[in-house]
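Working notes, beginning with the structure itself.
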Amino acid sequence: MTTADSVIPAGPTRCELGEGPVWDPIRRVVLWVDIRRGLVFSGRLEEHGRVTLMDQVSLPGTVGAVAVAEDGSWIVAGSRTLIHRHVSGTTHELARVVPPGRSRRTNDGKPDPAGRFLIGTLALDGPSEQETLVRLEDDGSLTVIDGDLTLSNGLAWSPDGSTLYSADTLRRVVYARPYDAVTGAIGQRRTLITFDDGFPDGMCADADGHLWIAMWGLGEVRRYRPDGVLDRTLRVPAPHVSSVAFAGSGLDTLVITTATQDLSDEQLAAHPLSGTLFTARPGVRGLPVPPWRGLNEISKETT
């Protein structure tokens with residue numbers, strides 16, 4: 001099933017590399033980032049699907065992803081490190097993801113069903129098969145989940161939390177693997193979806209267990225069944241669709257980020273809405289993203 005007219009421009013910014021949308025249930029706003037400009041935006045989702053910009057926060061370097069803790073603070077994926085941003089605006093480094101001297105940066109990240117934060121990397125100096133997906137543990141250490149990726153990207157979990165889905169963009173695959181959120185145990189990955197066109201980017205899951213995948217280069221968001229079969233396609237009037245998330249009090253609005261990066265002047269003229277935030281009401285509800293649960297030392301400091 002294809003719906004060509006259900007995606008609307010929501011504004012309110014034009015991003016070079018829009019990414020990482022997430023619903024903040026504490027402040028009841030949508031968060032998203034412009035990776036290359038190092039910006040985190042927050043906006044109020046209106047009833048008609050538009051987003052009103054409320055604030056923007058500038059951080060040094062790139063910003064790959066952001067997630068919200070129960071106390072309203074953020075965990076932010078900086079260029080090479082994970083950063084804790086307190087509600088007061090102060091920041092400090094949590095863990096180094098990219099070793100010194102490596103030409104990489106962090107990319108997409110998200111809390112798992114237990115609130116641990118997962119983050120991936122991409123190479124900045126050409127093709128790679130050594131990119132990583134890691135998990136930040138309560139003591140500040142990093143657990144390597146994958147170490148052989150081309151470009152670590154979107155993450156999602158099944159409704160019961162027992163399956164982790166992850167995108168390896170340049171291989172054009174989405175993996176699935178068993179995942180135990182209680183113990184942290186991770187099973188062997190398998191290829192769930194292989195793509196012949198476009199590149200799988202950010203993704204999320206809905207309450208029915210279907211995956212919504214942003215397709216970079218195609219101007220599409222695709223919905224896949226848990227068995228990997230294509231179920232539905234949403235057309236987006238911007239070629240580089242980068243990520244998706246469900247937002248709103250009912251988690252029934254799909255927020256879609258896009259980018260102007262790597263588009264020629266001719267492509268930008270043909271697709272003037274590139275880089276814009278879009279929304280859709282696809283008739284299904286998303287899964288809530290658990291809050292980041294913090295680190296042991298942070299918990300001690302705030303008690």
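The values are calculated or read from the model by the stated rules, or taken from the named source; none is laboratory data. All values derive from a computational prediction rather than experimental measurement. Note: ideal-geometry Cβ built from the backbone for every residue, glycine included; neighbour counts use all protein chains shown. When the accessible area is computed, the model is the full protein with side chains, heavy atoms only, and any ligands, DNA or RNA have been set aside. Shrake-Rupley method; radii C 1.70, N 1.55, O 1.52, S 1.80 Å.
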- Query: Under unit Cβ charges (Lys, Arg +1; Asp, Glu -1), what dipole magnitude, rounded to 20 debye, does the chain have relative to its Cα centre?
  - Reply: 160 debye
- Query: Can you list, bin by bin at 10 Å, the percent of alpha carbon pairs in the stretch 122-246, starting at 0?
  - Reply: 13, 44, 33, 9, 0
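Semi-axes of the equivalent ellipsoid of the stretch 23-178: what are they in whole Å, largest first, if each equals the square root of 5 times a C-alpha gyration tensor eigenvalue? Display every interim value, and only then the final one.
On the way: eigenvalues 121, 69, 52 Å².
Equivalent ellipsoid of the stretch 23-178: 25, 19, 16 Å, largest first.
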- Query: Amide H of residue 79: which non-local residues (sequence gap of 5 or more, or other chain) have their own amide H closer than 5 Å, using H built in the peptide plane?
  - Reply: 62
- Check residue 121: other-chain or 5+ apart residues with amide H under 5 Å from its amide H, H built from backbone geometry? 107, 132, 152
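Could you work out [θ]222 nm for the chain from helices alone, using -39500 (n - 2.57) per DSSP H run of at least four and dividing by all its residues? Round to the nearest 500 deg cm²/dmol.
Details: 2 runs with 13 residues, N = 303.
The per-residue figure over the chain is -1000 deg cm²/dmol.
When the accessible area of the stretch 149-207 is split by element with a 1.4 Å probe, what percent falls to carbon and sulfur? Spell out each step's value before the answer.
Details: 1100 of 2180 Å².
Exposed carbon and sulfur together represent 50 percent of the surface.
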- Accessible area of residue 26 in the full protein assembly, 1.4 Å probe (Å², nearest 10): 90 Å²
- Here the tail fraction of P(r) beyond 14 Å, over all Cα-Cα pairs of the stretch 231-303, rounds in percent to 68 percent
- Message: Given 25 °C and 0.890 mPa s, compute D for the stretch 141-187 with the Stokes-Einstein relation, Rh being the Kirkwood radius over Cα pairs; round to the nearest whole µm²/s.
- Response: 216 µm²/s
- Task: Find the percent of Cα-Cα distances in the stretch 49-119 that exceed 15 Å, and round it to a whole number.
- Result: 56 percent
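On the protein heavy atoms, probe 1.4 angstrom, tell me the percent of accessible surface of the stretch 13-148 carried by carbon and sulfur.
Details: 2560 of 5550 Å².
The value for the stretch 13-148 is 46 percent carbon and sulfur by accessible area.
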- Message: Using the basic label-point model (7 angstrom from Cα toward the beta carbon), what is the residue 102 to residue 296 distance in nanometres?
- Response: 2.4 nm
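Determine the per residue accessible area of the chain with all protein chains present and a 1.4 angstrom probe, expressed in square angstrom.
Details: 12330 Å² over 303 residues.
Heavy-atom accessible area per residue stands at 41 Å².
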- Task: Search the structure for amide H atoms under 5 Å from the amide H of residue 231, placed 1.01 Å from N in the peptide plane, and list their residues when 5 or more places away or on another chain.
- Result: 223, 224, 225
- Query: Using a Förster distance of 35 Å, how high is the FRET efficiency between residue 266 and residue 90, based on the Cβ-Cβ distance and rounded to 0.05?
  - Reply: 0.20
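Dividing the alpha-carbon radius of gyration of the stretch 105-190 by 2.2 N^0.38 Å (N being the number of residues), what value is obtained? Don't skip to the end; give the middle numbers.
Numbers: Rg = 12.3 Å, N = 86, 2.2 N^0.38 = 12.0 Å.
Normalised Cα radius of gyration, the stretch 105-190: 1.03.
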- Okay, which of the stretch 81-111 sit inside 15 Å, backbone N to the point 7 Å along the Cα-Cβ direction of residue 125? 98-105
- Could you work out the per residue convex hull volume over the alpha carbons of the chain, in cubic angstrom? 125 Å³
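Carbon-plus-sulfur fraction of the accessible area of the stretch 232-303, 1.4 Å probe, in percent?
Values: 1550 of 3070 Å².
Ligands and nucleic acids excluded, carbon and sulfur give 50 percent.
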